[in-house]
Amino acid sequence: RALELDLRRAFALRQFEVFYQAQMSLQDRRIVGFEALARWRHPQRGMVSPADFIPVAEEIGLISQIGEWVLLTACREAARWPGSHRIAVNLSPIQFSNPGLVETVSAALATSGLAPERLELEITESVLLDNTAATLAILHRLRTLGVRIAMDDFGTGYSSLGYLRSFPFDKVKIDQSFIRDMPTDGDSAAIVKAIIGLGVSLGISTTAEGVETEEQLNRLRAEGCTDIQGYLLSKPVPAAEVAAVLNRIP
Ligand code: G
Ligand code: G
Ligand code: MN
Ligand code: NA
């Protein structure tokens, strides 16, 4: 497992980076925040996708360390942005079995000076699959710090709906597969509409992921979706380009 060996050394060699992808409010078309997305600049393989290295990091016990680094880096960089845009950080289910998670988040806020309400933690429902009571306790402690909690990849799991009753999520992110198929597939369009309606009824904001066209944007706005994220606005960019994105779409 060459990738595994390289991954163990990647930290020491400072090969990780955090990219940022803009999220825009559909009400006033302003940028409301960015999602932090890990990148691995491998000297031979080039940019390795998190879809490839996050699962390996989870397997070999490196995900908590990588996740902690992404969190601290994202909080520090966001604290320097002009304005008070939110920063969304992905948490792996494995990080929830680490007893220090709440302290790690609290320390990242303290060290960076980022206001807690600007930090949003994205979790997938697989976090809630096992050890639900312990996970819910952690989510409540995180909420007590003042951070927001979002459910990522909504609609792709087993019982997304049930989890909405077990914890007061601030946001659900509609999985990009539904957004992609929305223009051509009536069922996907119906699912997107239903999720947005659910969000409106429950007072949970909705972010549509993978929005690539103006047509998708218009439809999502008409249906009451709160925010969008996707190539239509911006691809994920390095920290140095966040200011340019904010200049282009304030
Ligand atoms: O940026 P990209 O679309 O290639 O990301 C692929 C997947 O990797 C996404 O599902 C995203 O949630 C996940 N991912 C990206 N960065 C992180 C991270 O810092 N931690 C975790 N746990 N997942 C991440
Ligand atoms: O955390 P999550 O799994 O949702 O990560 C989002 C992933 O989707 C990132 O890897 C990002 O690069 C990718 N992505 C973001 N916007 C778009 C888009 O508009 N179209 C497509 N195909 N992929 C996108
Ligand atoms: Mn995400
Ligand atoms: Na997602």
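List of remarks:
Every residue, every condition in (1) closer than 27 Å to Arg143 by Cα; (2) of a type in the set (Phe, Trp, Tyr), yes or no:
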site	(1), (2)
Thr156	yes, no
Tyr163	yes, yes
Phe169	yes, yes
Ile179	no, no
Asp185	no, no
Ala189	no, no
Gly197	yes, no
Ser201	yes, no
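- So Asp170, is it within 16 Å of Asn90 (Cα to Cα), surrounded by 18 or more Cβ atoms within 10 Å (Cβ to Cβ) and either of a type outside the set (A, V, I, L, M) or out of contact with any helix residue (DSSP H, G or I) (no Cβ under 9 Å at 6 or more places or on another chain) (or both): no
- Residue satisfying all of: in region 128-162; polar (S, T, N, Q) and crowded, with 19+ Cβ neighbours inside 10 Å; farthest from Gly199 (Cα to Cα) among these: Thr135
- Flag for Ser64 being surrounded by fewer than 16 Cβ atoms within 10 Å (Cβ to Cβ) and either hydroxyl-bearing (Ser, Thr, Tyr) or over 19 Å from the mean Cα position of the chain (by Cα) (or both): no
- Just so you know, in region 86-125 the residues that are acidic (Asp, Glu) and farther than 19 Å from Pro236 by Cα include one that is surrounded by the fewest Cβ atoms within 10 Å (Cβ to Cβ), and it is Glu103.
- Annotation note: of Arg141, Arg165, Arg148, the sole residue that is more than 16 Å from ligand 1 (Cβ to nearest atom), within 21 Å of Gln23 (Cα to Cα) and charged (D, E, K, R) is Arg148.
- Tallying residues that are more than 12 Å from ligand 2 (Cβ to nearest atom), under 22 Å from Ala222 (Cβ atoms) and among the small types (Gly, Ala, Ser) within region 3-39 yields 1.
- Picking from residues in region 236-250 that are away from ligand 4 (no atom under 15 Å from the Cβ) and not in a helix (DSSP H, G or I), the one that is nearest to Ser159 (Cα to Cα) is Val237.
- Region 125-172, residues that are in contact with a Phe, Trp or Tyr (Cβ under 7 Å, 6 or more places away or on another chain), of a type outside the set (A, V, I, L, M, F, W, C) and under 24 Å from Ala208 (Cβ atoms): Glu125, Gly155, Ser160
- Qualifying positions in region 15-28 - touching a helix residue (DSSP H, G or I) at 6+ places or on another chain (Cβ under 9 Å) and charged (D, E, K, R): Glu17
- Here Ser25 passes the criteria (1) under 21 Å from Leu119 (Cα atoms); (2) surrounded by fewer than 19 Cβ atoms within 10 Å (Cβ to Cβ); (3) within 17 Å of the chain's Cα centre (by Cα); (4) within 14 Å of ligand 1 (Cβ to nearest atom) except the one numbered (4).
- Selected residue [polar (S, T, N, Q) and at pLDDT below 95] from Thr111, Thr144, Thr104, Thr156: Thr156
- For region 28-59, the set of residues classified as within 30 Å of Gly224 (Cα to Cα) and touching a Lys or Arg at 6+ places or on another chain (Cβ under 8 Å) consists of Val32, Gly33, Phe34, listed by residue number.
Yes/no per residue for (1) within 16 Å of ligand 4 (Cβ to nearest atom); (2) crowded, with 19+ Cβ neighbours inside 10 Å; (3) not basic (Lys, Arg):
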| site | (1), (2), (3) |
| --- | --- |
| Pro43 | no, no, yes |
| Gly46 | no, no, yes |
| Ser49 | yes, no, yes |
| Ile54 | yes, yes, yes |
| Ala57 | no, yes, yes |
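- Check on Pro82, in a loop (DSSP other than H, G, I, E, B) and either within 16 Å of ligand 3 (Cβ to nearest atom) or farther than 16 Å from Ile138 by Cα (or both): yes
- Looking only at residues in region 214-235 that are assigned to a loop (DSSP other than H, G, I, E, B) and loosely packed, with under 15 Cβ neighbours inside 10 Å, the one that is farthest from ligand 3 (Cβ to nearest atom) is Gly224.
The values are calculated or read from the model by the stated rules, or taken from the named source; none is laboratory data. All values reported here derive from a predicted model rather than from experimental measurement. Methodologically, a virtual Cβ is constructed for each residue, glycine included, from the backbone with ideal geometry; neighbour enumeration extends over all protein chains shown.
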